[in-house]
Amino acid sequence: MRMSKRMENLPPYLFVEISKKIAEKKAKGEDIVSFAIGDPDIPTPPNVIGRLCQAAQDPANHRYPETEGLPELRRAIADWYKKRFDVSLEPDKEVLPLIGAKEGIVHIALCFIDYNDIALVPDPAYPPYSMGTILAGGRPYYMPLTEKNNFLPDLDAIPADVLNKAKLLWINYPNNPTGAVADLGFFNRVVKFAQQHNSAVCHDGPYTEVTFDGYQPVSFMQADGAKEIGVEFHSLSKSYNMTGWRIGMVVGNATMVDALKRVKSNLDSGIPQAIQYAAIEALTGPQDCIQEHNAIYQRRRDLVIDMLNSIGLKARAPKAGLYIWAKVPEGYTSVEFANDVLDQVGVVVTPGTGYGKNGEGYVRLSLTVPNAALVKGLSRLAGWRDHKSKFKSRG
Ligand SMILES: *Cc1c(COP(=O)(O)O)cnc(C)c1O
């Protein structure tokens, strides 16, 4: 057989490799604590599951759903944006439910990217921005996110010949993996920049509800003119612990939303309706679970930061998101450090380079580890330090 060229450029998804490595260790009977994957360990709220079960009993929900989702769901999403960010959206034109945000993030590349076109992608970043670009035949141009720039891309550093070919600009705040946040001023600058260079903007914002210390994130759609040039991807995955149900949304520019709808109508047959009803319940029902979950994550965040600092890894406490972005100790690359803690103390952390070249020197730890495992993992990391200091004093 002869496979496509695009397959040559497509690495396996980052977490496929990590999961394989963990599975191998587990098969050998090793007890592993993983801080690797950002998948909430806390269950979906009971009212949401209740609605899902009820909707699953209704034969009307056993049939093919519509690509554009239930009108009630589009309305619930628009109402949520109004309530949450004071952003007005036309439910039938500016809202599209997705089979999880990742699905839309990859597929929107098909609406913009032809062979050799460029998408501006942060580095480090959630991998689907560049993978969607590559699948569509285009090329990612990586914008470094560095500590010096507070992990915001330096738009003025992008060369003019790149800008001529750049049809999409990707950004993501609160950011995965760096934990950085952006303010409205930055989003306003992005809109101006994209208008100047005739590029569409895709903002990915699934962590706006996962916040700490009273921090209030903004939506990209609050920026002046955002709707003229861009969309925002969002998801119920992280807000309501619904990663397994696969439900998200894109909102904003009607032309972009319509293009993605057209692609999707040829690709998939919509989101199972029982899951859409569950999503309506999540968005319109009681919201207490969000504060409760954030209190749990914040406690975990503080424990992880204290431990990392005590073993000599520098990490800032993030204001939002599910991740700690920690500097590895001197003398290690990201991969060397990740392999060392896995081999020495059975703890999995994600090497920063899995998110791009500029992730070198960092590892990512996820806060989605149940409390007991988290405490065990942290005391093992303390053991890693003791192991190292013994090693050093002997050597
Ligand atoms: C988790 C995550 C998503 C994916 O959300 P789904 O709706 O589960 O597909 C999108 N973007 C980022 C940055 C994420 O971390």
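So which of A259, A278, A282, A295 is more than 16 Å from the ligand (Cβ to nearest atom), farther than 21 Å from N176 by Cα and not basic (K, R)?
Details: A278 fails: more than 16 Å from the ligand (Cβ to nearest atom); A282 fails: more than 16 Å from the ligand (Cβ to nearest atom); A295 fails: farther than 21 Å from N176 by Cα.
Exactly one of A259, A278, A282, A295 is more than 16 Å from the ligand (Cβ to nearest atom), farther than 21 Å from N176 by Cα and not basic (K, R), namely A259.
Consider segment 263-283 and keep the residues that are of a type outside the set (A, V, I, L, M) and in contact with a helix residue (DSSP H, G or I) (Cβ under 6 Å, 6 or more places away or on another chain). The one that is surrounded by the most Cβ atoms within 10 Å (Cβ to Cβ) is Q276.
Conditions tested, residue by residue: (1) more than 30 Å from G138 (Cβ to Cβ); (2) assigned to a strand (DSSP E or B).
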residue: A36; (1), (2): no, no
residue: I42; (1), (2): yes, no
residue: Y81; (1), (2): no, no
residue: V87; (1), (2): no, no
residue: K102; (1), (2): no, no
residue: L120; (1), (2): no, yes
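Tally time: how many residues in segment 225-250 are more than 13 Å from the ligand (Cβ to nearest atom) and out of contact with any Phe, Trp or Tyr (no Cβ under 9 Å at 6 or more places or on another chain)?
Step one: of segment 225-250, the residues more than 13 Å from the ligand (Cβ to nearest atom) are 225-231.
Restricting the remaining residues to those that are out of contact with any Phe, Trp or Tyr (no Cβ under 9 Å at 6 or more places or on another chain) gives 225, 227-229.
The total comes to 4.
For segment 58-110, name all the residues that are farther than 20 Å from E209 by Cα, surrounded by fewer than 22 Cβ atoms within 10 Å (Cβ to Cβ) and aliphatic (A, V, I, L, M). Passing the criteria: A60, L70, V106, L110. Across segment 209-223, a minimum of one residue is classified as within 11 Å of the ligand (Cβ to nearest atom), within 26 Å of P40 (Cβ to Cβ) and either touching a helix residue (DSSP H, G or I) at 6+ places or on another chain (Cβ under 8 Å) or not in a strand (DSSP E or B) (or both).
Filtered by the rule that a residue be aliphatic (A, V, I, L, M) and surrounded by 11 or more Cβ atoms within 10 Å (Cβ to Cβ), segment 24-34 gives I32, V33.
Taking (1) assigned to a helix (DSSP H, G or I); (2) under 13 Å from P97 (Cβ atoms); (3) more than 14 Å from the ligand (Cβ to nearest atom) in turn, G270 satisfies each apart from (1). L342 meets all of the listed conditions (1) within 21 Å of the chain's Cα centre (by Cα); (2) surrounded by 15 or more Cβ atoms within 10 Å (Cβ to Cβ); (3) in contact (Cβ under 8 Å) with a residue 60 or more places away in the chain but one, namely (1). Candidates are the residues of segment 165-182 that are part of a strand (DSSP E or B) and not aromatic (F, W, Y); the one that is nearest to the ligand (Cβ to nearest atom) is N172. Taking the condition within 18 Å of E103 (Cα to Cα), assigned to a loop (DSSP other than H, G, I, E, B) and either away from the ligand (no atom under 14 Å from the Cβ) or modelled with pLDDT of 95 or more (or both), does G312 pass? Against the criterion (within 18 Å of E103 (Cα to Cα), assigned to a loop (DSSP other than H, G, I, E, B) and either away from the ligand (no atom under 14 Å from the Cβ) or modelled with pLDDT of 95 or more (or both)), G312 does not qualify. Once segment 89-100 is narrowed to residues that are in a loop (DSSP other than H, G, I, E, B) and closer than 13 Å to E72 by Cα, the residue that is nearest to the ligand (Cβ to nearest atom) is P91.
Would you tally the residues in segment 101-121 being more than 15 Å from the ligand (Cβ to nearest atom), out of contact with any Gly (no Cβ under 6 Å at 6 or more places or on another chain) and over 24 Å from K192 (Cβ atoms)? Summing the residues that are more than 15 Å from the ligand (Cβ to nearest atom), out of contact with any Gly (no Cβ under 6 Å at 6 or more places or on another chain) and over 24 Å from K192 (Cβ atoms) in segment 101-121 gives 3. Take the conditions (1) over 15 Å from Y355 (Cα atoms); (2) in contact (Cβ under 8 Å) with a residue 12 or more places away in the chain; Y142 misses just one of them, which is (1).
For the structure I just gave you, tell me whether G252 is assigned by TED's automatic domain parsing to the domain that holds C111, modelled with pLDDT of 95 or more, at positive phi and buried (at least 24 other Cβ atoms within 10 Å of the Cβ). For G252, the condition - assigned by TED's automatic domain parsing to the domain that holds C111, modelled with pLDDT of 95 or more, at positive phi and buried (at least 24 other Cβ atoms within 10 Å of the Cβ) - is met. The set of residues in segment 122-137 being away from the ligand (no atom under 16 Å from the Cβ) and not in a helix (DSSP H, G or I) consists of A136, G137.
The values are calculated or read from the model by the stated rules, or taken from the named source; none is laboratory data. Being a predicted model, the structure only gives us computed values, none of them experimental. Backbone-built Cβ (ideal geometry, glycine too); neighbour counts: all protein chains shown.
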